[in-house]
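Enquirer: Sharing a structure, written as C-alpha cells. Questions coming.
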Amino acid sequence: MKFLYIAKGSCNELEIQIIGTEIGYIIKEDSKDWLKESEEISAMLGGLILARNKFS
C-alpha cells in the first residue's frame, strides 16, 4: 500500500517540475503531453488507493 502513496507523490512532484516550462527548461508541447499523462496516472493511483482502502 505504501508504494501507491509513494507513486502518487512522485506524480505530484513531476507535475510541479513540468511547470518549469514557464522558465524555459522544457518545451511546451512536451510538457502538455507529460502533464496530461501524469494527471491521468495520478487519478488512476488515487482510484487504486481508494479501492484498496475499502477492502482493508
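Enquirer: Considering only region 19-56, state which residues are hydrophobic (A, V, I, L, M, F, W, C), more than 13 Å from Lys8 (Cβ to Cβ) and assigned to a helix (DSSP H, G or I).
Expert: Passing the criteria: Ile19, Ile23, Trp34, Leu35, Ala51.
Enquirer: So, Phe55, is that one among the aromatic types (Phe, Trp, Tyr), surrounded by fewer than 13 Cβ atoms within 10 Å (Cβ to Cβ) and at pLDDT below 90 or not?
Expert: yes
Enquirer: Does Leu14 satisfy the criteria of being within 19 Å of Asn53 (Cβ to Cβ), touching a residue at least 24 places away in the same chain (Cβ under 8 Å), surrounded by 11 or more Cβ atoms within 10 Å (Cβ to Cβ) and not basic (Lys, Arg)?
Expert: No, not satisfied.
Enquirer: Could you count how many residues in region 1-30 are closer than 13 Å to Gly46 by Cα and at pLDDT below 85?
Expert: Looking only at that region, the number is 1.
The values are calculated or read from the model by the stated rules, or taken from the named source; none is laboratory data. Only a predicted model underlies this, so the values are computations on that prediction, with no experimental measurement involved. Note: ideal-geometry Cβ built from the backbone for every residue, glycine included; neighbour counts use all protein chains shown.
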